[in-house]
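**Q** Below is the structure I would like to discuss, written out as structure tokens.
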Amino acid sequence: MLLFDQYLLGGAELRNRIVMAPMTRSRAVENNTPNALMAQYYSQRASAGLIVTEGVSPSPNGLGYARIPGLFNEAQVAGWKLVTDAVHAKGGKIFVQLMHTGRVSHQDNLPAGAQVVGPSSEVCPGEMWVDKSASMQPHSVPHAVSEVEIKHVVREYANAAKLAVEAGFDGIELHAANGYLMEQFLNPNVNKRTDGYGANIAGRNRFVIEVADACIKAIGGNKVGIRISPQGVFNSTGDFAELEPQYLTLTRDLSKMGLVYLHLVDHSAMGAPPVSADLKRKIREAFNGTYIAVGGFTAQTAEKALEAKEADLIAFGRPFISNPDLVEKLKTGAKLVDPDMSTFYTPGEKGYTDY
């Protein structure tokens, strides 16, 4: 089966074509710093061809959720070195996903001196968990970043990319999906700017292009991937009139820049509207690098997608939570264990390393 064949991703030799998708788990309990428990969790799943970590903030301002990890100081580099060493010791490969939460944040989840930011000042609808009050709270009002401040955010991403290499990661994934900061700039339902970072396709794409360019210059395109979710609805994004031409323009530009992969999310298995087969095909054709597909795959449907050349790699999310040996189970057809959803974002080993 193609699913279990080796694959060369940039300079990384993957033992199979199975990717562990990024999933927030909220276990960085001390100063948003990775720890030995997290190293154990990722090493348990190192049989995946590639692991993409949970969302990791490149900035204090991007730590919008409780207990999510960062990558902007030396303590965090040391914590992530525990993780990468543990994964590499088992022959695995691991990319870090850089996720700035932007307006999907609460001020009490941020460290001292940090602020909630976004492309515009509109509050993200809905609520999120806040440890300080031990309750669900509405999102905080974001500060609309100026053009000068945007340049600083771009530098934060590039710095995090350099720190990722220092921490031993095989590469980085830029999270431009699911309604977080990069997609907040892409989506006109959120981005209300009328300056050079909004107003039209080129303006809305600009921040993502600048971040990608800065990261490529910092560590090389063969270590930089990106995740997108066109037609996604998370965090009040949603469809818009110019969606297809905008995403095709973005994809072509990223392809010319030499990114190592594009990771396209279809959340229809979780109840969101599907990404149309036609748009998936067009994006696949517009990108010259590796294409990763994710969204409700089984071993059988993954194999069919690979055989049809609809993707080069297939990512699996929640099955990896409760099946650290997922690769072997997919190979043998063994029954999968269902995850305990009540432990997805809680601190401690229960529902994390005890499956």
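The values are calculated or read from the model by the stated rules, or taken from the named source; none is laboratory data. Please read all numbers here as calculations on a predicted model, not as lab measurements. Please note: Cβ atoms are built from the backbone with ideal geometry, for glycine as well, and neighbour counts cover all protein chains shown.
**Q** Of everything in region 127-137 that's more than 21 Å from the chain's Cα centre (by Cα) and surrounded by 13 or more Cβ atoms within 10 Å (Cβ to Cβ), which residue is farthest from GLU183 (Cα to Cα)?
**A** The residue in question is ASP131.
**Q** Next up: Can you list the helices (runs of 4 or more DSSP H) lying wholly within region 125-228 that have 3 or more residues being at positive phi? Quick ask: steps written out before the conclusion?
**A** Values: elements: 147-166, 181-186, 201-219.
In region 125-228, there are no helices (runs of 4 or more DSSP H) which contain 3 or more residues that are at positive phi.
**Q** Which residue pairs have Cβ atoms under 6 Å apart, sit 6 or more places apart or on different chains, and have a first residue in region 251-276 that is closer than 24 Å to ALA218 by Cα and a second that is among the hydroxyl-bearing types (Ser, Thr, Tyr) and buried (at least 24 other Cβ atoms within 10 Å of the Cβ)?
**A** none
**Q** What is the number of the single condition among (1) out of contact with any strand residue (DSSP E or B) (no Cβ under 7 Å at 6 or more places or on another chain); (2) assigned to a loop (DSSP other than H, G, I, E, B); (3) not hydroxyl-bearing (Ser, Thr, Tyr) that GLY92 does not meet?
**A** (1)
**Q** Can we say TYR65 is more than 17 Å from ALA161 (Cα to Cα), within 17 Å of the chain's Cα centre (by Cα) and not in a helix (DSSP H, G or I)?
**A** Details: more than 17 Å from ALA161 (Cα to Cα): yes; within 17 Å of the chain's Cα centre (by Cα): yes; not in a helix (DSSP H, G or I): yes.
Here the answer is yes, as TYR65 does meet what is asked.
**Q** While we're here: Within region 323-338, can you find the residues that are surrounded by fewer than 18 Cβ atoms within 10 Å (Cβ to Cβ) and either modelled with pLDDT under 95 or under 19 Å from SER43 (Cβ atoms) (or both)? Steps first, please.
**A** Within region 323-338, the subset surrounded by fewer than 18 Cβ atoms within 10 Å (Cβ to Cβ) is 325, 328-329, 331-338.
ASP325, GLU328, LYS329, VAL337 - these are the residues of region 323-338 that are surrounded by fewer than 18 Cβ atoms within 10 Å (Cβ to Cβ) and either modelled with pLDDT under 95 or under 19 Å from SER43 (Cβ atoms) (or both).
**Q** Counting only residues that are within 16 Å of ALA75 (Cα to Cα) and not aliphatic (A, V, I, L, M), which one in region 151-173 is nearest to the chain's Cα centre (by Cα)?
**A** Going residue by residue through region 151-173, those that are within 16 Å of ALA75 (Cα to Cα) are 159-169.
Those still in the list that are not aliphatic (A, V, I, L, M) too: 159, 162, 166, 168-169.
Working: ASN159: 17, LYS162: 17, GLU166: 20, GLY168: 18, PHE169: 15 Å.
Of everything passing the filter in region 151-173, PHE169 is nearest to the chain's Cα centre (by Cα).
**Q** Is it the case that some residue within region 277-292 is modelled with pLDDT of 95 or more, under 23 Å from PHE234 (Cβ atoms) and either touching a Pro at 6+ places or on another chain (Cβ under 8 Å) or among the polar types (S, T, N, Q) (or both)?
**A** Looking for residues that are modelled with pLDDT of 95 or more, under 23 Å from PHE234 (Cβ atoms) and either touching a Pro at 6+ places or on another chain (Cβ under 8 Å) or among the polar types (S, T, N, Q) (or both), one finds at least one in region 277-292, hence yes.
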